[in-house]
Structure formats: structure tokens, C-alpha cells
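The values are calculated or read from the model by the stated rules, or taken from the named source; none is laboratory data. Just so we're clear, the structure is a prediction, and the values are computed from it rather than from any experiment. Note that each Cβ is placed from the backbone with ideal geometry, even for glycine, and that neighbours are counted across all protein chains shown. Please note that ligands, DNA and RNA were not included when accessible areas were found on the heavy atoms of the full protein model with its side chains. Shrake-Rupley method; radii C 1.70, N 1.55, O 1.52, S 1.80 Å.
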Amino acid sequence: MLDAIKDFIIPPVACEPFVPPSSAEALAQTASLLQSVGRSSEMLVCSLALIKSYPVLSLKEVELVSAAFKCAIERQRTALRFMKARVLRDDESPAKVVVQTCEADIKGICEDALVHLPEMIEKLPPPSVDVSARVLLHSMIGDHYRYLCDVSTEEDLRHKAEEAYNTAATLAEQLPVAHPLRLGLALNRSILAYEVMKSPDQGVAIARLAFDESTVHLDALSHADKKRAMLVLDRLRENVSMWTENDELIDDEHLASAT
């Protein structure tokens, strides 16, 4: 069974230590190539080296770092969910050791992100010039505090996540309603409310509002942004459907009993 997740929890063995290139252009190209083959650790090294070489960051560089952290953390979160399910089925399972390893890796990645992301904010142009990168970075800070909530019992983590998301939401008001960054932020905020803050009504309300407001404005987006927005809208719709499924069943049972 462990073979099913070995790609998530066992990094490939490297013959030699990875040494990133020195020029900014080569770093960007190498990071993109590493992303295409799923080498998240090396991609993250290149991405962080790249941003240090720029006095001012653009959305392009921020998106590269975002992809690197996302690739690194999602592998561990997938493995953690899988192994936690095994522990639930068998409390004596050796999977507990793997759970602890995944949790430690997630903490390490999140703590690393929460050092670098605020530093990147300091290198952004003013919001009046470009607010998109600033929205993404504050949203990423919220994401990594939210991920920490899955592996830590520290009470203030959820509030730090909420604070970062609220900051991002205020900035995102300058973006079009259907902008994929604004929709993605709404998706993450709704997940925080529903799953972490244990406020299902709030989570559903955030997701529904974002979906309802944006669907009539999709045609105003560029083709690329519209395609990205549609993907987020699918996630919002799926979550609302899943989160309200029990409510609908209760309503149906109540109606049946009344007739």
C-alpha cells in the first residue's frame, strides 16, 4: 500500500546536490522546466533565488514562487490525508510514523513560506501600480497559516489566516469581480470558514456570493483569465454542493414527513 504514495513522501534521490544557475534569465527558465517535471524542491530553490535578484517584483515572479510553494506543499498534504485515513482504519498502524513525518514537512514548508512571503511584499510596487501581486501574496500568507492549522493546535493560527485573507480581500476589491485571483481568494476564504473556523454558514455564504457575483461578468475578462476563472467557479460550485448536501437531505426528509 505504501507504494501508492511513495512519490508523495519519498523525494527522488539526487546523484549530486542541486546548484541553481546564477543569471536571472536562467533561473526563470530552469524553474519553469523543473515545474513541468514536478521537481518542487529544486523549483523552489530557483524561484527564491530569482526573487532575490530583482529589486522590484512583478506578478510573474510572484506566480512562479506561488507555484513552487504550492507544488511542494500539496504533495505532503496529499500524503498526509492518505495516511490519516489509514490511521483511522487501524489505530495501531505504522502509518502514524508517516503522519508525523508529513506533518513535520508541512510545518517546515509553511514556516519557510511565512518568512519569504512578507519579504516579497516589501519588494512590490505600490498597489496603485499593480495590486494583483499584492493580493496573491497576502492570500498565500493566509493559505500557509491555514495549512498549519491542519498540523498544529495553536489557536492564533486560524486568526492569522483570517487576517491575511481579509487584507487580501480588501485589496482585491480593486480587481474585477470575476478576476481569477479574486475568485481564488474567495474559494480559500470559504474553505477557512467552513473547515477551520467551523462556521459552515459563513463558508457557504462566501462561496455563493463569489459565484453569483462573478458569473455575469465573465465575458469582460481576457480569454486566459476567463479560462482560469471558470476553473475556480467549478471548485466553488462543487464545494457549495457538497457543503449543502446534508441540508438538502434534511429538507427533503422534512417535506416527505409533512406530506
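Only Cα pairs under 8 Å and at least 6 apart count here; give the relative contact order of the chain as a rounded whole percent. Kindly include the intermediate steps, with their values, before the conclusion.
Details: 274 pairs, mean separation 30.4, N = 259.
So the answer I get is 12 percent.
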Just going by the charge dipole of segment 21-146, with Lys and Arg at +1 and Asp and Glu at -1 on Cβ, which of VAL65, SER53, GLY38 is farthest out on the positive end? GLY38
Which pairs, out of LYS107/LYS227; LYS198/LYS227; LYS160/LYS226; LYS60/LYS226; LYS52/LYS226; LYS60/LYS123, put more than 22 Å between their alpha-carbon atoms? LYS107/LYS227; LYS198/LYS227; LYS160/LYS226; LYS52/LYS226
To check my understanding: the extent here is largest minus smallest coordinate of the Cα atoms along each principal axis. What are those three numbers for segment 84-174, in Å, largest first? 56, 21, 19
May I ask which residue of TYR194, ALA169, ALA205 lies farthest towards the positive end of the charge dipole of the chain, with charges of +1 (Lys, Arg) and -1 (Asp, Glu) on Cβ and the Cα centre as origin? ALA169
For ASP150, what accessible surface area do you get with a 1.4 Å probe? Give it in Å², rounded to 10. 70
If you place +1 on the Cβ of every Lys and Arg, -1 on the Cβ of every Asp and Glu, and leave all else neutral, what size is the dipole of the chain about its Cα centre, to the nearest 20 Debye? 680
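So for segment 28-98, averaging the separation of alpha carbon pairs under 8 Å that are six or more residues apart and normalising by length, what relative contact order in percent results?
On the way: 50 pairs, mean separation 17.9, N = 71.
The normalised contact order for segment 28-98 reaches 25 percent.
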Size of charge dipole - segment 62-122 - debye, nearest 20, with Cβ of Lys, Arg +1 and Asp, Glu -1, no other charges: 400
Sites removed, the longest contiguous part of the chain containing no DSSP-loop GluC sites (Glu not before Pro) with at most 13 other Cβ within 10 Å is 1-91
Net charge of neighbours whose Cβ lies under 15 Å from the Cβ of LYS226, counting Lys and Arg as +1 and Asp and Glu as -1: 0
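On the accessible surface of the chain, probed at 1.4 Å, how many percent belong to carbon and sulfur atoms? It would help to have the intermediate numbers written out before the result.
Numbers: 8010 of 14630 Å².
Looking at the chain in its full context, I get 55 percent from C and S.
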Determine ³J(HN,Hα), in whole Hz, for all residues of segment 179-192 in sequence, where each value follows from phi through the Karplus function 6.51 cos²θ - 1.76 cosθ + 1.60 and θ = phi - 60°; x replaces Gly and Pro. 4, x, 5, 5, 5, x, 5, 4, 4, 5, 5, 5, 5, 4
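What trypsin sites (Lys or Arg not before Pro) in segment 184-249 are in a loop by DSSP, with at most 10 other Cβ atoms within 10 Å of the Cβ? Intermediate values should be presented prior to the final figure.
Working: sites: ARG189, LYS198, ARG208, LYS226, LYS227, ARG228, ARG235, ARG237; in loops: LYS198.
Those satisfying the criteria are LYS198.
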Shape of the chain, Cα gyration tensor, a/c cut at 1.5: oblate
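In Å, the Kirkwood hydrodynamic radius of segment 6-153 over pairs of distinct alpha carbons?
Numbers: mean 1/r = 0.0607 Å⁻¹.
Its Kirkwood hydrodynamic radius stands at 16.5 Å.
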Whole number in Å², please: accessible area per residue of the chain, 1.4 Å probe, ligands, DNA and RNA not counted. 56
With every protein chain kept in the model, how would you rank THR170, THR215 by accessible area, 1.4 Å probe, largest at the top? THR170, THR215
